[in-house]
Amino acid sequence: MSSIDKAIQVLEAVCDSPEPVRFTDLVARLQLPKSTAHRLLATLVDQGMVRYDTGDQRYSPGYRLLSLAQRTWEGLEIPRAARESMQRLLHEAAETVHLAVVDGHEIIYIDKLESPKTIRLYSAVGKRGPMYCTGVGKAILAFLPPEQQDEVIAHTEFVRHTVHTIADETALRQALADIRAHGCAFDMEEHEEGIRCVAAPIFNFRGDVVAGISITSVASRMPTNRLQDLQPLLLDVARTISRELGYLQPADHDWRTSEEAPR
């Protein structure tokens, strides 16, 4: 393993820790020689990637990461193309709006606009989530090329987050077929108890699905009829963002809105 690989491994371990971490814990977790870990941490501290508290002798993420993350976000095409439409969605729906992309076999949230109403959600920009039981995840997964979709499903561990979570591959593939037919995906308290959302895919100039956008709220504000009422607005916003990315809607893709109850 190269020094760069090891440094990234150390940085990820510091960032993944829920609280500042001690040197001995990092060494034990990463199975690195103490001299190597000390040298890498010293470099990361010097570069501002990691902070070291001399008082409690613990390491935590450095402030320079915020600057790099901001510059990375500003350089992404999808958030720039989506921001105005997300603002419109927030204004008209008055609920939390998420934008997510695929990262490996998961989704990662790359933008979020909070509802003006009080709500506590799992999501945050930079946070990952499973594809099989989140609205944006299923919206993206349903429109991936068959080979890529099969690969994601093959690597999916069907964890039951709630009693509503999709439990197996057969149920997931049926849900994905419904999403392709109707244009929207639903999370009916599948990932978090009491949280529902409706989501739609976003396409680029090649017609590839590149992101998903959703409207999310607590179940008490998202009965089935409201989810259905929000579908035309959400699909219109998804179309607008896709056009910003150069998508030309083919004749056989009519962005249908389901009249059925969400699954």
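The values are calculated or read from the model by the stated rules, or taken from the named source; none is laboratory data. Note that the structure is a prediction, hence the values are computed from the model and not measured. Counting neighbours? That spans all protein chains shown, and the Cβs are built from the backbone with ideal geometry, glycine included. Accessible surface areas use protein heavy atoms only, side chains included; no ligands, DNA or RNA. Shrake-Rupley method; radii C 1.70, N 1.55, O 1.52, S 1.80 Å.
Please work out if Arg196 is open to solvent by 40 Å² or more (accessible area, probe 1.4 Å) and in a strand (DSSP E or B). So Arg196 fits the description; yes. Scoring Val125 on the criteria (1) open to solvent by less than 60 Å² (accessible area, probe 1.4 Å); (2) in a loop (DSSP other than H, G, I, E, B) leaves a single failure, condition (1). Among the residues making up region 166-193, those that are over 18 Å from Arg239 (Cα atoms) and part of a helix (DSSP H, G or I) are Glu169, Thr170, Ala171, Leu172, Arg173, Gln174, Ala175, Leu176, Ala177, Asp178. Here is a check on your reading of the model: is Tyr109 in contact with a helix residue (DSSP H, G or I) (Cβ under 9 Å, 6 or more places away or on another chain), part of a loop (DSSP other than H, G, I, E, B) and of a type in the set (Phe, Trp, Tyr)? The answer is no for Tyr109. Taken as a whole, region 160-174 holds no residue that is at pLDDT 95 or above, among the polar types (S, T, N, Q) and more than 26 Å from Thr224 (Cβ to Cβ). Restricted to region 51-101, and to residues there that are over 19 Å from the mean Cα position of the chain (by Cα), among the small types (Gly, Ala, Ser) and in a helix (DSSP H, G or I), the residue that is modelled with the highest pLDDT is Ala93. Working only within region 218-246, note down all residues that are out of contact with any helix residue (DSSP H, G or I) (no Cβ under 8 Å at 6 or more places or on another chain), within 26 Å of Arg80 (Cβ to Cβ) and not in a helix (DSSP H, G or I). Passing the criteria: only Gly246.
Of all the listed residues (Ser214, Ser123), the sole one being modelled with pLDDT of 95 or more and among the hydroxyl-bearing types (Ser, Thr, Tyr) is Ser214. Among the residues making up region 91-110, those that are open to solvent by 10 Å² or more (accessible area, probe 1.4 Å) and of a type in the set (Val, Ile, Thr) are Val101, Val102, Ile108, Ile110.
Is it true that Tyr132 is in a strand (DSSP E or B) and either surrounded by 13 or more Cβ atoms within 10 Å (Cβ to Cβ) or of a type in the set (A, V, I, L, M, F, W, C) (or both)? No; evaluated as a whole, the condition is false for this residue. Pick from region 2-29 the residues that are acidic (Asp, Glu), farther than 16 Å from Thr43 by Cα and in a helix (DSSP H, G or I): which of them is modelled with the lowest pLDDT? Of everything passing the filter in region 2-29, Asp16 is modelled with the lowest pLDDT.
Name every residue in region 23-38 that is farther than 25 Å from Lys127 by Cβ and either surrounded by 15 or more Cβ atoms within 10 Å (Cβ to Cβ) or touching a residue at least 12 places away in the same chain (Cβ under 8 Å) (or both), in order of residue number.
Selection gives Phe23, Val27, Leu32, Thr36, Ala37, His38.
Looking only at residues in region 208-248 that are under 24 Å from Val102 (Cα atoms) and acidic (Asp, Glu), the one that is surrounded by the fewest Cβ atoms within 10 Å (Cβ to Cβ) is Asp208. If you go through region 33-50 and keep only what is more than 30 Å from the chain's Cα centre (by Cα) and farther than 13 Å from Ser3 by Cβ, you end up with Lys34, His38, Asp46. Quick test for you: out of Ala171, Ala154, pick the one residue that is under 22 Å from Gly104 (Cβ atoms), open to solvent by 30 Å² or more (accessible area, probe 1.4 Å) and out of contact with any helix residue (DSSP H, G or I) (no Cβ under 8 Å at 6 or more places or on another chain). None of the others qualify; the one that does is Ala154.
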